[in-house]
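Colleague: Here it is, the structure in full.
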Amino acid sequence: MPPAANTIIVEDTAAKLSFEYRGMVWRIAWRNLWRSPRRTWLTAASIAFACLLVSVGMAMQAGSYKAMIETATGFYTGQAQINHQSFVEDERLEHTIPDATALMRALDRVSNLFAAPRAQGFALVSVGDRSFGGLVVGVDFDKEQQVVTFFNNLTSGTLPKGVDEVVIGETMARNLGAGVGSELVLLGAAKQGGVAALALTISGLFSSGQSELDRTLLFTHLEAVQNGFSLGDEIHTIAIRVADLTLLEKQISQLQTILPDDVIARSWRELMPQVTQGIELDRISAKLMYGAILILVSFSVINTFLMVVFERTREFGMLLAIGMRPGLIIRQVLAEALFVWGVGVAVGLLLVVLLVSYFSSAGISIEGMEELARQFYMPDRIYPAITLQSLVVAPGVLLVGTQIAAFVASWRIRNLQPVAALRVD
Amino acid sequence: MSEVVVECTGLTRTYDQDSVPVYALRGVDVSIMQGDFVSLSGPSGSGKSTLLNIIGGLDRPDSGEVVVSGTRLGTLSESALAELRLHKIGFVFQAFNLIPVLSAQENVEFILQLQGVASAPRRARSTAVLDSLGLSQMSHRRPGELSGGQQQRVAIARAIVTNPALLLADEPTANIDSATTEELLLLLQKLNREQGMTIVTATHDPMVMGYTTRKIKLHDGMIEEDETAVVV
Ligand SMILES: Nc1ncnc2c1ncn2[C@@H]1O[C@H](COP(=O)(O)OP(=O)(O)OP(=O)(O)O)[C@@H](O)[C@H]1O
Ligand SMILES: [Mg+2]
């Protein structure tokens with residue numbers, strides 16, 4: 001009998017994989033997971049641990065950066081500042097913002113925004129026969145307290161009440177041999193070329209912790225400086241704080257529309273580049289660490305799945321022999337990896353949420369680091385903040401990592417010969 | 001006049017064992033007809049498994065040709081061969097036939113799912129096959145909860161549920177005791193007689209040869225004897 005013509009019996013069953021078959025993939029994968037529960041738990045635990053480390057780390061970062069920015073900007077600079085363009089380039093007395101009263105009134109109408117006007121001038125500060133150079137800043141003390149914390153640092157006396165009162169740094173007071181109640185004479189160059197002369201009484205002393213400021217700064221009422229330095233209705237700086245830091249950039253660009261020509265608003269990113277750089281540096285080193293953790297875990301998952309595939313060689317040989325395509329078996333292994341990932345991430349995220357929600361109210365103090373913390377504008381306690389990013393990034397990367405790991409480990413199934421696989425013992 | 005299910009001509013297969021050629025098959029010609037119940041016997045290493053694997057599309061010969069239900073295997077790609085195995089051939093191995101995490105019924109249904117059979121006919125067919133093999137009581141048990149003989153019966157159920165043209169078994173009774181072997185043989189005999197199932201089984205066991213209707217003996221990779229029992 002002649003052999004019949006080659007009939008094409010092949011209709012690709014893989015292509016019409018039924019919905020039920022896919023259900024079966026998941027069922028087998030889930031049950032396979034519990035063939036060696038200890039191994040599964042160990043793998044899931046390493047995934048959970050990586051997830052925990054990275055997510056909590058990110059929550060700490062989010063919390064500490066926010067605190068860092070708030071502490072740094074809230075100290076004296078403000079979250080943003082408005083200046084005349086020329087003042088930004090060169091901080092000279094005549095580089096002022098004109099019509100300050102009208103501008104301040106306009107700013108007061110902007111909701112969720114606090115603004116504090118400042119005018120400043122250099123002066124020779126004398127008590128008796130002692131003199132030192134200083135920068136006298138005229139401020140509105142009520143408004144300043146809505147924007148910065150600087151004036152909470154009084155160590156003695158009170159903030160100026162009368163227009164002829166002044167607060168100075170403790171270092172300057174010591175240098176001048178002065179104290180609360182002492183009379184100061186300030187001499188400087190006024191705007192129109194005349195002499196600026198002020199006689200002020202010390203109402204209080206401050207100690208900000210930054211010796212440069214404590215040695216050179218004096219604060220009095222805005223009008224005193226404006227009058228003394230012949231500034232009229234002009235100021236140099238408006239310090240800004242907004243209710244929600246995350247909306248700062250948006251509010252700045254809105255502000256820009258009500259500002260006169262050549263008057264610009266800049267955020268802390270420009271004002272305090274060292275803070276931005278510090279955060280950026282910290283982000284990079286954290287990313288490197290997270291990357292290392294995630295890669296290590298992925299390698300341990302490769303190892304697990306190499307073992308899984310190796311142990312099931314005969315089973316896979318049988319499946320190939322009865323006509324299952326290698327691609328389907330690999331999918332099966334990937335489904336298993338997905339479940340291990342799911343178990344690990346579920347446990348990990350549960351711990352993250354528990355830990356972070358506890359510490360986000362209790363805070364984590366950095367014992368013995370307070371000194372260092374202060375230098376980097378870090379608060380004494382960090383309150384980790386759960387952000388979407390901190391919950392999504394680690395699980396997402398681990399998902400990709402575990403799938404790639406399982407794929408790499410199961411790659412050899414593609415070339416597995418059923419006969420050879422069945423002979424393995 | 002029965003139809004040819006398997007046609008082998010001039011099959012040779014040589015393995016390389018540490019660069020020493022091992023001649024597993026040295027020119028085998030054989031035709032297996034629809035309804036044959038064949039035992040392949042012969043000493044260890046005589047080529048029984050090799051021949052069975054080549055007929056089943058699990059291995060390819062170095063030369064010669066195999067035609068299974070009209071399909072020339074030599075021309076098929078790997079995936080076409082897999083399709084052929086899935087649809088046309090039932091396999092029963094010595095061991096490791098079943099997926100350990102699935103119940104007996106799920107194991108039987110699994111192959112239908114690979115074929116893309118919908119849920120209702122799948123359930124009906126697997127139930128019917130398990131019933132006919134006397135396995136309905138243990139359909140929910142996993143392989144680990146079954147005896148060796150029961151596992152082999154489930155493997156047979158899995159192999160025949162797709163209505164294959166050919167059932168290939170490689171020493172299916174090697175791991176089970178003689179009483180259970182006899183049960184299994186009666187089962188295969190019944191399949192052969194009542195459903196006309198074509199069965200080829202490799203075996204060492206004289207008891208198996210007692211049931212088959214055609215006895216092929218291999219020696220050193222060649223057919224030494226091919227004897228068809230007189231049908232009584
Ligand atoms: N994958 C392989 N690699 C190397 N040699 C092999 C391979 N498979 C089979 N052989 C050799 O081919 C010959 C025939 O093997 P085969 O398995 O077909 O014999 P068999 O008759 O089934 O033996 P047994 O009764 O022991 O199962 C033997 O010498 C065996 O060692
Ligand atoms: Mg053999």
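The values are calculated or read from the model by the stated rules, or taken from the named source; none is laboratory data. Just so we're clear, the structure is a prediction, and the values are computed from it rather than from any experiment. Methodologically, a virtual Cβ is constructed for each residue, glycine included, from the backbone with ideal geometry; neighbour enumeration extends over all protein chains shown. Note: areas computed on protein heavy atoms with side chains; ligands, DNA, RNA excluded. Shrake-Rupley method; radii C 1.70, N 1.55, O 1.52, S 1.80 Å.
Colleague: Tell me the residue from B:208, B:154 that is in a helix (DSSP H, G or I), in contact (Cβ under 8 Å) with a residue 60 or more places away in the chain and over 13 Å from the mean Cα position of the chain (by Cα), please. Write out each step before concluding.
Modeller: Details: B:154 fails: in contact (Cβ under 8 Å) with a residue 60 or more places away in the chain.
Being in a helix (DSSP H, G or I), in contact (Cβ under 8 Å) with a residue 60 or more places away in the chain and over 13 Å from the mean Cα position of the chain (by Cα) holds for just one of B:208, B:154, which is B:208.
Colleague: Of the numbered conditions (1) more than 16 Å from ligand 2 (Cβ to nearest atom); (2) charged (D, E, K, R); (3) over 26 Å from residue B:115 (Cβ atoms), residue B:153 fails exactly one; give the number of that condition.
Modeller: Failing condition for residue B:153: (3).
Colleague: Go through the range B:158-171 and count every residue that is open to solvent by 10 Å² or more (accessible area, probe 1.4 Å) and within 16 Å of ligand 2 (Cβ to nearest atom).
Modeller: So the answer is 2.
Colleague: Next question. Right, residue B:46: more than 12 Å from the chain's Cα centre (by Cα) and at the interface with another protein chain (Cβ under 9 Å from one of its Cβ atoms) or not? Don't jump to the end; show me each part of the working.
Modeller: Working: more than 12 Å from the chain's Cα centre (by Cα): yes; at the interface with another protein chain (Cβ under 9 Å from one of its Cβ atoms): no.
In short, no.
Colleague: Could you grab me the full set of residues in the range B:24-43 that are within 16 Å of ligand 2 (Cβ to nearest atom) and within 14 Å of chain A (Cβ to nearest Cβ)?
Modeller: Start the filter on the range B:24-43 by keeping residues that are within 16 Å of ligand 2 (Cβ to nearest atom), which leaves B:24-25, B:28, B:38-43.
The answer is B:24, B:25.
Colleague: Now for a different question. Look through the range B:12-23, keep the residues that are within 16 Å of ligand 2 (Cβ to nearest atom) and touching a residue at least 40 places away in the same chain (Cβ under 8 Å), and return whichever of them is most open to solvent (accessible area, probe 1.4 Å).
Modeller: Within the range B:12-23, the first condition is being within 16 Å of ligand 2 (Cβ to nearest atom), and the residues that meet it are B:13, B:15, B:17, B:22-23.
Then keep just the ones that are touching a residue at least 40 places away in the same chain (Cβ under 8 Å); that gives B:13, B:23.
On the way: B:13: 41, B:23: 131 Å².
Looking at the filtered set, the residue picked out is B:23.
Colleague: Of B:127, B:180, which residue is under 19 Å from the mean Cα position of the chain (by Cα), away from ligand 1 (no atom under 16 Å from the Cβ), in a helix (DSSP H, G or I) and over 29 Å from residue B:2 (Cα atoms)?
Modeller: Values: B:127 fails: under 19 Å from the mean Cα position of the chain (by Cα).
Answer to the selection: B:180.
Colleague: Looking only at the range B:59-70, decide whether some residue is at the interface with chain A (Cβ under 8 Å from one of its Cβ atoms) and over 27 Å from residue B:225 (Cβ atoms).
Modeller: Checking the range B:59-70: at least one residue is at the interface with chain A (Cβ under 8 Å from one of its Cβ atoms) and over 27 Å from residue B:225 (Cβ atoms).
Colleague: Moving on to the next point. Restricting the search to the range A:33-47, which residues are at the interface with chain B (Cβ under 9 Å from one of its Cβ atoms) and out of contact with any Ser or Thr (no Cβ under 9 Å at 6 or more places or on another chain)?
Modeller: Matches in the range A:33-47: A:35 only.
Colleague: Here's a follow-up. Looking only at the range A:324-342, which residues are surrounded by fewer than 19 Cβ atoms within 10 Å (Cβ to Cβ) and farther than 30 Å from residue B:83 by Cβ?
Modeller: Listed by number, the list holds a single entry, A:342.
Colleague: What number of residues within the range A:247-277 satisfy the criterion of being open to solvent by 80 Å² or more (accessible area, probe 1.4 Å) and over 25 Å from the mean Cα position of the chain (by Cα)?
Modeller: Residues meeting the conditions: 3.
Colleague: Please enumerate the residues belonging to the range B:100-124 that are hydrophobic (A, V, I, L, M, F, W, C) and either more than 11 Å from chain A (Cβ to nearest Cβ) or part of a helix (DSSP H, G or I) (or both). Lay out the reasoning, then the answer.
Modeller: So in the range B:100-124, the residues hydrophobic (A, V, I, L, M, F, W, C) come out as B:101-102, B:104, B:108, B:110-112, B:114, B:117-118, B:120, B:124.
Answer for the range B:100-124, where residues must be hydrophobic (A, V, I, L, M, F, W, C) and either more than 11 Å from chain A (Cβ to nearest Cβ) or part of a helix (DSSP H, G or I) (or both): B:104, B:108, B:110, B:111, B:112, B:114, B:120, B:124.
Table: residues versus (1) at pLDDT 95 or above; (2) surrounded by fewer than 23 Cβ atoms within 10 Å (Cβ to Cβ).
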{"site": "A:55", "(1), (2)": "no, no"}
{"site": "A:60", "(1), (2)": "no, yes"}
{"site": "A:65", "(1), (2)": "no, yes"}
{"site": "A:70", "(1), (2)": "no, yes"}
{"site": "A:98", "(1), (2)": "no, yes"}
{"site": "A:119", "(1), (2)": "yes, no"}
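Colleague: Let me ask another. So which strands (runs of 3 or more DSSP E) are wholly in the range A:179-283 and hold at least 1 residues that are of a type in the set (Gly, Ala, Ser)?
Modeller: On the way: elements: A:183-189, A:195-206, A:217-221, A:237-242, A:263-267.
The qualifying strands (runs of 3 or more DSSP E) are A:183-189, A:195-206, A:237-242, A:263-267.
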